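The values are calculated or read from the model by the stated rules, or taken from the named source; none is laboratory data. All figures in this text were calculated on a predicted structure; none of them were measured in a lab. Glycine gets a Cβ as well: all are built from the backbone with ideal geometry, and neighbour counts include every protein chain shown.
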Amino acid sequence: MTSDSQSASTLLLVRPAAFAANPDTAASNSFQSTEPEAARQLVSRTALEEFDALTGALSAAAIETIVAADTPVPPKPDAIFPNNWFSTHADGTVVLYPMMAPSRRLERRLEVIEALEAEHGFSVRRVVDLSAQEASGRFLEGTGSLVLDRVNRVAYACLSPRTDPAALEDFGRRLAYQVIAFRAFDHQGIAIYHTNVMLSLGSEFAIICSDCIEERSRAGVLRSLRAARASIIEVSRAQMERFACNVLEVRTAGGEHALLMSTTAARALRCADAPPPGIDRVVTADIPTIECYGGGSLRCMLAEIFLPRFGAAG
């Protein structure tokens with residue numbers, strides 16, 4: 001049997017070929033801005049610079065990183081956020097997800113998954129493809145829609161146009177996860193598009209904006225989190241909207257637990273001098289262009305690789 005860990009030691013990122021504000025996603029993502037037409041090339045170039053600085057920071061922190069190149073044709077403005085179209089699991093499972101925007105469905109590239117085996121020594125033992133749900137207008141956008149407690153097999157999800165209850169139920173059944181679904185809203189009363197902008201889970205902590213959860217569900221979500229986590233870190237809506245919850249715990253090559261976040265999130269969360277329990281170091285990256293025009297922060301750029309390596313027991 002494989003044993004699940006909450007934090008991965010390998011991350012996959014996609015270096016974008018055509019980063020831009022995606023008009024297909026703007027209506028459901030209140031975090032996203034639209035760039036002026038005249039600034040489009042500058043935005044794309046600056047996003048690449050931010051991406052390359054991020055991969056340098058991850059390397060310097062001894063975090064194993066796989067960088068896949070986006071293909072320029074067809075253009076995929078959100079390819080920089082691969083965690084939405086696939087997830088990996090310790091038993092060798094890869095899950096492919098139904099995406100709301102037709103332009104984002106182009107991001108599902110099986111050659112990226114195949115390269116994990118052929119080039120990096122990971123073992124894919126089964127593929128669970130949920131993408132057929134798109135034909136019925138049901139969407140579930142990976143570990144954006146799902147915040148997974150991998151050790152206790154609980155999937156937290158705030159419902160939105162991108163996170164459908166039926167698709168959630170299908171995920172829970174196929175992956176043997178208990179699903180805790182709820183509704184959450186920003187200060188304008190708009191449904192929060194992805195769960196990972198209002199909740200993150202580390203091995204020993206949760207960071208959550210519980211104020212944004214619908215009152216009838218709030219106590220139950222907090223009760224479940226407290227049953228499994230030593231520390232619950234509450235943030236305000238204002239902090240949440242500066243990506244304070246859009247962070248990720250990972251393990252370094254030396255076995256340290258690092259918390260990855262953008263500089264925007266670090267300023268909002270103010271945890272660099274006093275990291276959450278179980279965190280040995282905080283690693284930050286400055287990605288304001290990606291945050292502004294992509295509508296997501298650092299965690300959204302990171303696809304965790306939990307797959308076993310060839311030859312590993314399991």
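Some observations on this one:
- Among the candidates A268, A258, residue that is in a strand (DSSP E or B) and either of a type in the set (G, A, S) or over 21 Å from F51 (Cα atoms) (or both): A258
- Pairs are defined by a Cβ separation below 7 Å, a sequence spacing of at least 6 or placement on different chains, a first member in segment 108-128 that is of a type in the set (D, E), and a second member that is not in a helix (DSSP H, G or I); the pairs so defined are E117/S123; E117/V124.
- Criterion (small (G, A, S) and over 24 Å from S9 (Cα atoms)) met by exactly one of G295, G254, G278: G295
- The conditions of being at pLDDT below 95, within 24 Å of G142 (Cβ to Cβ) and among the aliphatic types (A, V, I, L, M) are met by A191.
- Strands (runs of 3 or more DSSP E) contained entirely in segment 65-158, each with at least 2 residues that are modelled with pLDDT of 95 or more, hydroxyl-bearing (S, T, Y) and in contact with a helix residue (DSSP H, G or I) (Cβ under 9 Å, 6 or more places away or on another chain): 86-88
- Subset tally (residues that are without any contact (Cβ under 8 Å) to a residue 40 or more places away in the chain, surrounded by fewer than 22 Cβ atoms within 10 Å (Cβ to Cβ) and in a loop (DSSP other than H, G, I, E, B)) for segment 177-217: 4
- Near pairs, Cβ below 7 angstrom, 6+ apart or cross-chain, from segment 48-60 (assigned to a helix (DSSP H, G or I)) to any residue that is of a type in the set (K, R): F51/R15
- Only residues that are over 17 Å from the mean Cα position of the chain (by Cα) and either modelled with pLDDT of 95 or more or of a type in the set (D, E, K, R) (or both) were counted across segment 290-314, and they come to 2.
- Matching residues, segment 226-242, being buried (at least 20 other Cβ atoms within 10 Å of the Cβ) and in contact (Cβ under 8 Å) with a residue 60 or more places away in the chain: E241
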